[in-house]
Amino acid sequence: MSSVGGKKSIPDDLLTRNVVDIIVRDELEKKLSSGKKLNIKLGFDPTGAQLHIGRAVTLWKLRAFQDLGHNIQFVIGNFTGTIGDSSDKDSERPMLDRKTVEQNAKDYHRQLEKILDMKKVKIFYNGDWFDNMPLSQFFELTQLFTIQQMTERDNFSNRIKAGKPVGLHETLYPLLQGYDSVAMKTDLEVGGTDQLFNLLAGRTVQKHFGLEPQSVMTFELLEGLDGRKMSTSWGNCIYIMDEPVEMYGKVMTLRDELIPRYFRLCTDVEIGVIEQIEQNLAAGDNPRDTKASLARAIVARYHGGEIADRAEETWNKRFRDGEKPEHIEEVYIKKADSHNLVDFVSENFNISKSEARRIINQNGLKIDDEITTESALELRDGMVVQVGKHRFKRITTQK
């Protein structure tokens, strides 16, 4: 803990671990030291139904703030989610209908309970203010930014240079996110580094409405299992709600060079210990053993230590001995019929269609222990579908 002049102490790693930017640091330290309970905001556009552990990097920091007594506020973008944030996209994101966005948001509460005390979290929906905003007030917002500011962003300027379209609706997203901070009276907004422009927009909009500008904190982005940014659209994710054995097995497929980053971003292992792990790996330690320690730590964080130990035992039996799990989850289909396997694998194994297609093309799909690369196949009662080495589903036809 650090303290200044008898003011409230700030935990030493609160403003450092996994943090990239703090704007403005002196402002935030002053707010934290004042003893005031801060309104700390994180926004979710529910364009997908599952949260992955890359998103959890920010959530665990919110847990640290919550443990200090601060107010955690979520804004669910049931309005802005229909537009879609293109901050990290190199092509236009399709607009979603309100029904799809709200359906995706339904399961967030159960997932967030893995990390936060949801009884102490306040949830907002930005449709509550945007649905009723007069057009005159919307145009008031648009006057706070220029086209040059919006199109100079790297992802937009790169798309323009490449001749790819940039929708006008995409350029308006930051000012809408900024107004959320006005409606919620936000003191600190958090997000990934790809959100920096949007978070700073909140400061501009708050100043316009006579509020003290929010502080901003950004966090490192986590690579997915294939080394690219973790993204549901690429199917390279470990999800918060993955079953323990599935979560353990996914970590064990991680690229070796990412082990130290996953320890830093996805566990609460002390930094000194992680630095020693990094040195040991460089000196020749077996990555497989270190990865097993990482997998246990991640599973324990979401499911508990005893369950993590059992998950490791189960996974080792399957991996070393080729055993199928004792209990295979059933997938119900209406009748034995021809199914598009890409669609089936995507829907039932929670991966993207592109990832499902890649798995099938690389001989990673088995039906009753036989590799298949067929695009369509008749699925019958009792068949066991296997994706990769460790994921199984049993077909059951409904009567």
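In segment 189-201, of all residues being of a type in the set (S, T, N, Q) and surrounded by 21 or more Cβ atoms within 10 Å (Cβ to Cβ), the one that is farthest from the chain's Cα centre (by Cα) corresponds to ASN198. Applying a threshold of 7 Å to beta carbon distances and a minimum spacing of six or more residues, or different chains, the list of pairs starting in segment 310-323 at a residue that is under 16 Å from ALA297 (Cβ atoms) and modelled with pLDDT of 85 or more and ending at one that is of a type outside the set (A, V, I, L, M) and surrounded by 18 or more Cβ atoms within 10 Å (Cβ to Cβ) reads ALA311/PRO244; ALA311/TYR248; GLU312/TYR248; GLU312/ARG296; TRP315/TYR248; TRP315/GLY249; TRP315/HIS390. Of the residues that sit in segment 191-211 and are touching a helix residue (DSSP H, G or I) at 6+ places or on another chain (Cβ under 7 Å) and in a loop (DSSP other than H, G, I, E, B), which one is farthest from LYS30 (Cα to Cα)? Within segment 191-211, the match that is farthest from LYS30 (Cα to Cα) is PHE209. The number of residues in segment 125-136 being part of a helix (DSSP H, G or I) and under 30 Å from LYS106 (Cα atoms) comes to 5.
Just one residue in the set LEU62, LEU68 is surrounded by 21 or more Cβ atoms within 10 Å (Cβ to Cβ), at pLDDT 95 or above, assigned by TED's automatic domain parsing to the domain that holds LYS185 and among the aliphatic types (A, V, I, L, M); that residue is LEU62.
Per-residue answers, yes or no, for (1) within 23 Å of ILE115 (Cα to Cα); (2) not charged (D, E, K, R):
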residue	(1), (2)
GLY210	no, yes
ASP226	no, no
TYR248	yes, yes
ASP256	no, no
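Before we move on, is ASN280 assigned by TED's automatic domain parsing to the domain that holds ILE307 and out of contact with any Cys (no Cβ under 9 Å at 6 or more places or on another chain)? When the stated conditions are applied, ASN280 passes them. In this structure, does ALA376 turn out to be under 30 Å from ASP268 (Cα atoms) and in contact with a Ser or Thr (Cβ under 7 Å, 6 or more places away or on another chain)? For ALA376, the condition - under 30 Å from ASP268 (Cα atoms) and in contact with a Ser or Thr (Cβ under 7 Å, 6 or more places away or on another chain) - is not met.
The single condition among (1) more than 29 Å from VAL345 (Cα to Cα); (2) surrounded by 22 or more Cβ atoms within 10 Å (Cβ to Cβ) that LEU222 does not meet is (1). Count of segment 141-157 residues, restricted to those that are surrounded by fewer than 15 Cβ atoms within 10 Å (Cβ to Cβ) and either of a type in the set (Ser, Thr, Tyr) or more than 26 Å from PRO46 (Cα to Cα) (or both), is 9.
Residue-wise test of (1) surrounded by fewer than 19 Cβ atoms within 10 Å (Cβ to Cβ); (2) at pLDDT below 95; (3) out of contact with any Asp or Glu (no Cβ under 6 Å at 6 or more places or on another chain); (4) not β-branched (Val, Ile, Thr).
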| residue | (1), (2), (3), (4) |
| --- | --- |
| LYS37 | yes, no, yes, yes |
| GLY43 | no, yes, yes, yes |
| ILE53 | no, no, yes, no |
| VAL57 | no, no, yes, no |
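I'm trying to understand the selection: among the residues of segment 271-298, which are touching a residue at least 40 places away in the same chain (Cβ under 8 Å) and among the hydrophobic types (A, V, I, L, M, F, W, C)? Selection gives ILE271, ALA292, LEU294, ALA295, ILE298. Against the list (1) at pLDDT 95 or above; (2) more than 20 Å from the chain's Cα centre (by Cα), the condition ILE10 fails is (1). Restricting THR290, THR204, THR186 to residues that are over 30 Å from LYS122 (Cβ atoms), modelled with pLDDT of 95 or more and over 20 Å from the mean Cα position of the chain (by Cα) narrows the list to THR290.
The values are calculated or read from the model by the stated rules, or taken from the named source; none is laboratory data. Because the structure is predicted, anything quoted here is derived from the model rather than measured. For neighbour counting, all protein chains shown are included, and Cβ atoms are generated from backbone atoms with ideal geometry for every residue, glycine included.
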